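The values are calculated or read from the model by the stated rules, or taken from the named source; none is laboratory data. On a predicted model such as this, the values are computed, not experimentally measured, just so you know. Note that we place each Cβ from the backbone using ideal geometry, even for glycine, and neighbour counts take in every protein chain shown.
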Amino acid sequence: MLRINDTLVIADWELVESFSRSSGPGGQNVNKVETAVELRFEAERSPHLSAAVKARLKRIAGRRWTNEGAIVIRAEETRSQIRNRELARERLVEMIREALVAPKRRVATKPTLGSQRRRLAAKAVRGEVKAMRGKVEGEE
């Protein structure tokens, strides 16, 4: 069981962990112990997440979202399998928490009268500057 917040808990059947040999340092141990963790969360089939949360989660997950609608997180930073499991679960929790927060809608506002006048005044000044450019007629 994975607790996301006070109201949301992910069941164990939704999470699948697989282990493999990790790359990187580890000495002789690296050839024997399967420390790398691949955590798979069946997000599309999860009854705990709403459709809007799933859509945001898909955008946040990016390449980690599979065609079947699962999120795959790989952790192989440490030499300890237990610590790598914790890291993978922490990443998943952070991702889901980020998806739970709905973005604020932007409220369209009209520009103020003062800002409109300043903009038009600046355009007029710029137009005058450009009008002064060019060939000088007369004096020779």
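Listed values, structure above:
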quantity	calculated
Residue among L15, L39 that alone is touching a strand residue (DSSP E or B) at 6+ places or on another chain (Cβ under 6 Å), under 19 Å from A75 (Cα atoms) and modelled with pLDDT of 85 or more	L39
Residue satisfying all of: in segment 92-135; of a type in the set (K, R) and not in a loop (DSSP other than H, G, I, E, B); farthest from F41 (Cα to Cα) among these	K130
Cβ-Cβ under 8 Å pairs, at least 6 apart or on other chains, segment 81-104 side in contact (Cβ under 8 Å) with a residue 24 or more places away in the chain and within 14 Å of A52 (Cα to Cα), far side surrounded by fewer than 12 Cβ atoms within 10 Å (Cβ to Cβ) and not aliphatic (A, V, I, L, M)	R97/N5; L100/N5
Strands (runs of 3 or more DSSP E) within segment 1-88 that include 2 or more residues small (G, A, S) and over 19 Å from the mean Cα position of the chain (by Cα)	15-20
